[in-house]
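Written below as structure tokens is the structure these notes are about.
The values are calculated or read from the model by the stated rules, or taken from the named source; none is laboratory data. Not measured: the values here are computed from a predicted model. Backbone-built Cβ (ideal geometry, glycine too); neighbour counts: all protein chains shown. Note: areas computed on protein heavy atoms with side chains; ligands, DNA, RNA excluded. Shrake-Rupley method; radii C 1.70, N 1.55, O 1.52, S 1.80 Å.
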There are 2 protein chains.
Amino acid sequence: MIRIVTISILLFAGLSMGYSQQHPCLIITKESIQQLQMGANKYELFNNSYASAKAEVDEAMRLPISVPTPKDLAGGFTHEQHKNNFLILQKAGVVFQISKDEKYAQWIKDVLFAYAELYPTFDRHPDKRSYSPGKFFWQCLNDANWLVYVSQAYDCIYDWLPKNDREKLNKNLFRPLADFLSIETPQFFNRIHNHSTWGNAAVGMIGLVMNDEELINRALYGIPDELVKIGGKDNDGATIYQEGAKGFLAQIDHSFSPDGYYTEGPYYQRYAMYPFLLFAQALANTRPKQEIFKYKNGVLIKAVYALLNQTDSNGEFFPINDAAKGMSYLSRELISAVGVAYYFGTKDPSLLSVAKLQQRVSLDVAGLSVAEGISKGMEKPFIKKSIQLSDGANGDEGAIGILRSREPNQDLTLVMKYSKHGMGHGHFDKLSFSMYNNGKEVFQDYGAARWVNIEQKDGGGYLKENNSWAKQSIAHNTVVVNGQTQFNGSVQVADTFHGTPYLFETNTKGYQVMSAFETNGYEGIKMQRTLVLIEGNHSIVLDLFKINSEKKNTYDFPLYFKGDVMKTSFAFQVSKELLPMGKNNGYQHLWKEASGVVSDDKLSFSWFDKGSFQTISSAVHAGDSVLFARVGANDPSFNLRREPVFIIRRTDTGNTLFANVYEVHGNYSPVEEIATDAYSSIRKVSIVHDAMNYSVVKIEHVNNQVDYFAMANNNSKASAKHVVEIAGEKLEWTGAYKLFNRTEK
Amino acid sequence: MIRIVTISILLFAGLSMGYSQQHPCLIITKESIQQLQMGANKYELFNNSYASAKAEVDEAMRLPISVPTPKDLAGGFTHEQHKNNFLILQKAGVVFQISKDEKYAQWIKDVLFAYAELYPTFDRHPDKRSYSPGKFFWQCLNDANWLVYVSQAYDCIYDWLPKNDREKLNKNLFRPLADFLSIETPQFFNRIHNHSTWGNAAVGMIGLVMNDEELINRALYGIPDELVKIGGKDNDGATIYQEGAKGFLAQIDHSFSPDGYYTEGPYYQRYAMYPFLLFAQALANTRPKQEIFKYKNGVLIKAVYALLNQTDSNGEFFPINDAAKGMSYLSRELISAVGVAYYFGTKDPSLLSVAKLQQRVSLDVAGLSVAEGISKGMEKPFIKKSIQLSDGANGDEGAIGILRSREPNQDLTLVMKYSKHGMGHGHFDKLSFSMYNNGKEVFQDYGAARWVNIEQKDGGGYLKENNSWAKQSIAHNTVVVNGQTQFNGSVQVADTFHGTPYLFETNTKGYQVMSAFETNGYEGIKMQRTLVLIEGNHSIVLDLFKINSEKKNTYDFPLYFKGDVMKTSFAFQVSKELLPMGKNNGYQHLWKEASGVVSDDKLSFSWFDKGSFQTISSAVHAGDSVLFARVGANDPSFNLRREPVFIIRRTDTGNTLFANVYEVHGNYSPVEEIATDAYSSIRKVSIVHDAMNYSVVKIEHVNNQVDYFAMANNNSKASAKHVVEIAGEKLEWTGAYKLFNRTEK
């Protein structure tokens, strides 16, 4: 449910009247050109970025201009050619303005005229699989990409072009394309969605170039509701249109939480940031009084920080929801974003250290100021801390929790999702977590089933296994009840709920805690997950997954480990032949490789991956099953990665508590062939109290140290006093939780 | 069959008489100490190496001395403790000599006395799974390691020790241990095998320290035959003893080909090089007139070059035969080896560039001279060229062929095995090949099924899947006939044969060729594989696998690709349930994931791995089967890596020719999300002539270029003239082979 936030829309409308532009005005401004020209000589990073852009443009200009009639999907020739064109055109515009060499302007003009000639020769792209087929591309989204980039190129040659040419291009190409993307495709333009953000920015940016108030207003406020058919679904299964919220300002209102979290997750946020920030930059340049970067308490800048905080130590985004793994803050979108956040923000020197890793800056005053800061040695480390990022326009619809070890030279990171679903790109993964150590995935989130822009794989789009596997609950590190997917796999239902934060405590000495509830994913079932990062020379993670249910159920607790099985405390039998684990909800994609039954109340499993050992130590019930499975069943085109999972299965149970300790230990180098700390430091994990109000877990270490972790499950008050009796001994504490360290006699 | 080579044994024996040593004399010499002390201040690399050795020793000396009663296997506590002791003792000896701080000498003495006390308290190691159980370790091999290292430490404090202490240690520890490793365990000491090399070196080195001629003679010439029971097998299934060849000099004679190739393969060569070179260095220092580094035409130095040439671009050894992947020239053995090859060889500046990558030098004059060379900027690149390394003591028992692209900025590498079997560590993989591109495996060799020194995995030793899977023919990129393993899996039989080199041509412009025969692996079947590296901006590989057989057979042509299936020219059906592909010969470990039948005379298959695309384009027969399988069936302890294989299967066929083209093309970055050259450049590969004497293959490129590769299969004479008529056109050439480039009209 999207609530309408109506901040200063009228004011904005008033301010936008009566400007008369000089060009360039959008990203590069007429006033800044001299500075940029100087910068190209003065600051190494800016100079390198400029030289590499110029080299790319020069290389492209050596080839004949190619503006082919649209035919292919992503990854195919016509798609990639048009994509390449817009990327190069944008760079050529900048190179023209900095070099003042007219050959670049002439080339841009020639390409644009080729587009203007092509434009009226066909209707929409021949492939109709999109809910909103584009013009040069199979979906309007890509056409909007094109226009966001090309409007910048056009802006750069606007004043250089004879008036006559300008009018031709406006009339035959740009205005028609802007209409095409807005009033002719309202189901694309009027949503709260990253597609529409691109659409809004595209129309707004070309509107600013052409000084076309009608387009600018469309961009900022959307188009009239009566033009739009309400209802329908897009290709991802998400509802297309919700009345009331539309246009760029509404995108800002609704897309970001006050913490700058974007409900689709960081992969899409990264993608959406470019139009958000570029159009904002253009507005800041052309309409500075509107103070767009202060809009909604400066959320656009906050969003850049939120993005940077959602990365592992390689700078790769946590693959929450639909996300292609490997995407990182080195992407071109983040290069712009970091520049904008630096220049239009507080000139935060820690952003410079990120820019230094990016090794490029955007070719505008923002990038220039970054290059200057770096050349003056002003950068400070960007330290990622534990952070909870609220979700929802008002920040009250769940959150993403990130805990990071505070110990020096450690980089143990936990990510838990108890946010909103994430719309069409959301996964059914409430209370799922992932764990990283030094940039390595210890428990992975599968991400999306997609090869972005690789044509061989179904045109580079989402594969059908994205729905049948990647979005399903069993594909995530969260408890699955009775083999079902949360919300019965309905995006519509899932979108109306969110997780509930319970604890997020990062200031306690020696350990940090995050805890959240999910009460809607399964009917009649209340789930609570608590992750405790216990810090020390050898940090470990305690994971408490508590379930309340009046009915009895089967619980599957999957852990997507990576690497090779080393040792288990339990016997298991490998399957003589491999069968899928189930028929639906993602289980049909898991081969059951091995299974066993635990005869004891404890379990441990160690594996090896990329130089280190990992161990799960678990408090279980005798009779629990353990399963090893592997992704890849019912996968007719080898679209899925053959990756393993370890599952603890508990049947015929109502209320229950799972308690696991996770640790990364030791190392092994194939060159040295010496294994250190190859064994777990944990002797036993046991649940010593499991009730509605309290959970208490005991952790016995190999070195005879004993810890108790006690928590109140339903009372997060810091002042509340609690007492639980364990084997005749009282554990007393104040506040929701406490870790008791003891050394046994 | 080992032929006896009796070079200068008597001379040697004569020269070894009557020396009286001063200590240290083995690796560090009394005369060199001052130089080393200076070097520790003067040359950065030597200084760093010394400082890090000293820091390690200081760290170890802070702990209580621990000389535990033997109990564990590799990876277990007592094993690792004794291993750590010998590594640190050796360093402590050096640190004592350079620092002259007696606390190091005292510590060495204390540790040695602890060993002397422990030694008589028990018989052999309690674990009896080795064919020659050791004393401190489960096998004599590790005890020999211990003595090779500890004799160096002992040498460093020998003159410092009171005579009384020396005599005690000699009598109670070192002489008994030397006897234990030699006359008390002749099945270990008297073989031609890396185990015995360690044993010989250990006994020889302690003999040199103690000036004990009896031990030195045992080391050099072995022990009398009458002490040795002939026959029996070791843990790897290899014959234990072959009469006649024994002792260190015979090891040199028999272990290395004249090119320095070591029949067990580079992984074991790396391991064996340490005792070979250390004992040799000790002999060079103590008995320089024997000119050990000139023995057998300087083969010990050549062997270092052979090793360096058997690495990929990361410096990792090709995993020929039993080999743990990831072992590289960064290992401690190669650090010594490179130093020795530099100092005792020709002071080859290209070795300095390898030493620079190693970032450490050995703490002796060899290491010092390397550090000096580097500090003076003398290094030159070590360029790995195409090379054929002959096998067999006389170089006439097959070879390993390595082709490397000569194009700038390319690193395409082909490795083919047509050597001897490789004794107990050999794999049944004649005519198998592997392919690398820029340090990435394109077609992998599985290596060994073993987790070296990781105790959880069966004590760190070879797993039973090493025999049942890793050694089998189907585990390799070579054609398997009728589902059988070459030589019916008999090491004894395989050891009596070798492949036959046919062509190794690396000077032809634009392409290189290697070709070899295997006629013994399968009865009545003659196999010939020819690999052609066709070089250009986009280099490709042509693979011709020719089989002559009077009987009809089933041929499986496996290719162990890595990564994700992108596109196939043929339809296939994935298996609804996975079954093992067979019952034995390794097939029991392959899950059949998918299969299809080729309806055409061509086939292509593309996959994606780590940023690039790869394609096989193949000339096939309509009716050939294609299979996708995955390693991991019948693997009760998850000992095998779940890796894929693509198999072309041709049934009911006698003579036949397989012709494949392999290419690596394009790239894709998850940050850029742009795929370039995602499609193969090959339109079709076809066999246009397939007869006993000639094979001709046509390669049609997408750009309409057409190549013909023609070869004479049984006549390698450079002067021979050949002519074959293809579709009315004559192809004429001189010499065994020719690549014809044409552009079709």
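Take the residues in region B:627-644 that are more than 8 Å from every other protein chain (Cβ to nearest Cβ) and not in a loop (DSSP other than H, G, I, E, B); name whichever of them is nearest to B:Gly447 (Cα to Cα).
Selected residue: B:Val631.
Scan region B:618-626 and tell me whether some residue there is in a loop (DSSP other than H, G, I, E, B), touching a strand residue (DSSP E or B) at 6+ places or on another chain (Cβ under 9 Å), among the charged types (D, E, K, R) and within 14 Å of chain A (Cβ to nearest Cβ).
Of all residues in region B:618-626, those in a loop (DSSP other than H, G, I, E, B) come to B:620-624.
Now narrow it down to the ones that are touching a strand residue (DSSP E or B) at 6+ places or on another chain (Cβ under 9 Å): B:620-624.
Imposing the further condition that a residue be among the charged types (D, E, K, R) reduces the set to B:624.
Those left that are additionally within 14 Å of chain A (Cβ to nearest Cβ): none.
For region B:618-626, residues in a loop (DSSP other than H, G, I, E, B), touching a strand residue (DSSP E or B) at 6+ places or on another chain (Cβ under 9 Å), among the charged types (D, E, K, R) and within 14 Å of chain A (Cβ to nearest Cβ): absent.
Can we say A:Asp707 is at pLDDT 95 or above, among the charged types (D, E, K, R), surrounded by 18 or more Cβ atoms within 10 Å (Cβ to Cβ) and not assigned by TED's automatic domain parsing to the domain that holds A:Asp556?
Values: at pLDDT 95 or above: yes; among the charged types (D, E, K, R): yes; surrounded by 18 or more Cβ atoms within 10 Å (Cβ to Cβ): yes; not assigned by TED's automatic domain parsing to the domain that holds A:Asp556: yes.
So A:Asp707 fits the description; yes.
Within region A:59-83, how many residues turn out to be surrounded by 14 or more Cβ atoms within 10 Å (Cβ to Cβ) and of a type outside the set (A, V, I, L, M)?
Applying the first criterion (surrounded by 14 or more Cβ atoms within 10 Å (Cβ to Cβ)) to region A:59-83 yields A:60-61, A:66-68, A:70, A:72-76, A:78-83.
Still in the running and of a type outside the set (A, V, I, L, M): A:66, A:68, A:70, A:72, A:75-76, A:78-83.
Summing the residues that are surrounded by 14 or more Cβ atoms within 10 Å (Cβ to Cβ) and of a type outside the set (A, V, I, L, M) in region A:59-83 gives 12.
Open to solvent by 10 Å² or more (accessible area, probe 1.4 Å) and touching a Lys or Arg at 6+ places or on another chain (Cβ under 8 Å) - does that describe any residue in region B:472-481? Quick ask: steps written out before the conclusion?
First, the residues of region B:472-481 that are open to solvent by 10 Å² or more (accessible area, probe 1.4 Å): B:472.
Still in the running and touching a Lys or Arg at 6+ places or on another chain (Cβ under 8 Å): none.
Within region B:472-481, not a single residue is open to solvent by 10 Å² or more (accessible area, probe 1.4 Å) and touching a Lys or Arg at 6+ places or on another chain (Cβ under 8 Å).
Here are some residues: B:Lys546, B:Lys526. Which one is free of Cβ contacts under 8 Å to residues at least 40 places away in the same chain and assigned to a strand (DSSP E or B)?
B:Lys526
Could you say whether any residue in region A:603-614 is within 14 Å of another protein chain (Cβ to nearest Cβ), under 22 Å from A:Val480 (Cα atoms) and either polar (S, T, N, Q) or not in a helix (DSSP H, G or I) (or both)?
Yes, region A:603-614 contains at least one residue that is within 14 Å of another protein chain (Cβ to nearest Cβ), under 22 Å from A:Val480 (Cα atoms) and either polar (S, T, N, Q) or not in a helix (DSSP H, G or I) (or both).
Is it the case that region A:328-346 has a residue that's outside any loop (DSSP other than H, G, I, E, B), over 30 Å from A:Ala245 (Cα atoms) and within 14 Å of chain B (Cβ to nearest Cβ)?
Yes.
Conditions (1) open to solvent by 30 Å² or more (accessible area, probe 1.4 Å); (2) assigned to a strand (DSSP E or B); (3) in contact with a Leu (Cβ under 6 Å, 6 or more places away or on another chain), marked per residue:
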site	(1), (2), (3)
B:Arg650	no, yes, no
B:Asn703	yes, no, no
B:Lys717	yes, no, no
B:Lys730	yes, yes, no
B:Phe740	no, yes, no
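I'd like the full set of residues that are within 13 Å of another protein chain (Cβ to nearest Cβ), part of a loop (DSSP other than H, G, I, E, B) and open to solvent by 10 Å² or more (accessible area, probe 1.4 Å), limited to region A:302-325. Break it down stepwise before answering.
First pass over region A:302-325, keeping only residues within 13 Å of another protein chain (Cβ to nearest Cβ): A:311, A:314-317, A:319, A:323-325.
Next, from what is left, pick out any that are part of a loop (DSSP other than H, G, I, E, B): A:314-315, A:319, A:323-325.
A:Asn314, A:Ala324, A:Lys325, listed by residue number.
Conditions tested, residue by residue: (1) modelled with pLDDT of 95 or more; (2) closer than 21 Å to A:Phe248 by Cβ; (3) in contact with a Ser or Thr (Cβ under 9 Å, 6 or more places away or on another chain).
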position: A:Lys103; (1), (2), (3): yes, no, no
position: A:Gln106; (1), (2), (3): yes, no, no
position: A:Ala114; (1), (2), (3): yes, no, yes
position: A:Glu117; (1), (2), (3): yes, no, no
position: A:Phe122; (1), (2), (3): no, no, yes
position: A:Arg129; (1), (2), (3): no, no, no
position: A:Pro133; (1), (2), (3): yes, no, yes
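List pairs: first in region A:282-296 and over 16 Å from A:Asp364 (Cβ atoms), second of a type in the set (Phe, Trp, Tyr) and part of a loop (DSSP other than H, G, I, E, B), Cβ under 7 Å, 6+ apart or cross-chain?
From residues that are over 16 Å from A:Asp364 (Cβ atoms), the pairs are A:Arg287/A:Tyr19.
Assess whether A:Asp652 counts as being in contact with a strand residue (DSSP E or B) (Cβ under 6 Å, 6 or more places away or on another chain) and at pLDDT 95 or above.
So A:Asp652 fails the test.
When region B:355-367 is examined, which residues are found to be within 13 Å of B:Glu333 (Cα to Cα) and either free of Cβ contacts under 8 Å to residues at least 12 places away in the same chain or in a helix (DSSP H, G or I) (or both)?
Answer for region B:355-367, where residues must be within 13 Å of B:Glu333 (Cα to Cα) and either free of Cβ contacts under 8 Å to residues at least 12 places away in the same chain or in a helix (DSSP H, G or I) (or both): B:Ala355, B:Gln358, B:Gly367.
Scan region B:569-602 for residues that are at the interface with chain A (Cβ under 9 Å from one of its Cβ atoms) and among the hydroxyl-bearing types (Ser, Thr, Tyr) and jot them down.
Keep residues of region B:569-602 that are at the interface with chain A (Cβ under 9 Å from one of its Cβ atoms), which gives B:572-580, B:591, B:593-594.
Matches in region B:569-602: B:Ser575 only.
Could you grab me the full set of residues in region B:48-69 that are without any contact (Cβ under 8 Å) to a residue 12 or more places away in the chain and in a helix (DSSP H, G or I)?
Initially, region B:48-69 is screened for residues without any contact (Cβ under 8 Å) to a residue 12 or more places away in the chain, giving B:51, B:55, B:58-59, B:62-64.
Selection gives B:Ala51, B:Ala55, B:Asp58, B:Glu59, B:Arg62.
From the list B:Leu412, B:Leu368, which residue is under 22 Å from the mean Cα position of the chain (by Cα) and crowded, with 21+ Cβ neighbours inside 10 Å?
B:Leu412
Just one of A:Phe497, A:Phe504, A:Phe487 is away from every other protein chain (no Cβ under 14 Å) and out of contact with any helix residue (DSSP H, G or I) (no Cβ under 9 Å at 6 or more places or on another chain); which is it?
A:Phe504
Only one of these is over 23 Å from B:Asn194 (Cα atoms) and within 14 Å of chain A (Cβ to nearest Cβ): B:Gln444, B:Gln456. Name it.
B:Gln456
Going by the structure shown, is B:Val702 within 14 Å of another protein chain (Cβ to nearest Cβ), hydrophobic (A, V, I, L, M, F, W, C) and in contact with a Pro (Cβ under 6 Å, 6 or more places away or on another chain)? Can you show your working first?
Numbers: within 14 Å of another protein chain (Cβ to nearest Cβ): yes; hydrophobic (A, V, I, L, M, F, W, C): yes; in contact with a Pro (Cβ under 6 Å, 6 or more places away or on another chain): no.
No, not satisfied.
Output the residue which, of all residues in region B:413-438 that are aliphatic (A, V, I, L, M) and in contact with a Leu (Cβ under 7 Å, 6 or more places away or on another chain), is nearest to B:Lys562 (Cα to Cα). Outline the logic, then answer.
Our first condition is that a residue be aliphatic (A, V, I, L, M); within region B:413-438, this holds for B:414-416, B:423, B:431, B:435.
Then drop every residue that is not in contact with a Leu (Cβ under 7 Å, 6 or more places away or on another chain), which leaves B:414, B:416, B:435.
Working: B:Leu414: 16, B:Met416: 19, B:Met435: 11 Å.
Ranking the candidates gives B:Met435 first.
To keep it simple, each residue is scored yes or no on (1) surrounded by fewer than 24 Cβ atoms within 10 Å (Cβ to Cβ); (2) out of contact with any Ser or Thr (no Cβ under 8 Å at 6 or more places or on another chain); (3) of a type outside the set (A, V, I, L, M, F, W, C); (4) over 18 Å from B:Tyr131 (Cα atoms).
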residue	(1), (2), (3), (4)
B:Leu161	yes, yes, no, yes
B:Asn170	yes, yes, yes, yes
B:Arg191	no, yes, yes, no
B:Ser196	no, yes, yes, no
B:Val203	no, no, no, yes
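Please pick out the residue among A:Ala105, A:Ala116 that is closer than 18 Å to A:Tyr149 by Cα, in contact with a Gly (Cβ under 9 Å, 6 or more places away or on another chain), assigned by TED's automatic domain parsing to the domain that holds A:Ile206 and part of a helix (DSSP H, G or I).
On the way: A:Ala116 fails: in contact with a Gly (Cβ under 9 Å, 6 or more places away or on another chain).
Testing whether each residue is closer than 18 Å to A:Tyr149 by Cα, in contact with a Gly (Cβ under 9 Å, 6 or more places away or on another chain), assigned by TED's automatic domain parsing to the domain that holds A:Ile206 and part of a helix (DSSP H, G or I) leaves just A:Ala105.
Give region A:663-683 a look and list any residue that's open to solvent by 50 Å² or more (accessible area, probe 1.4 Å) and away from chain B (no Cβ under 14 Å), or say none.
A:Arg683
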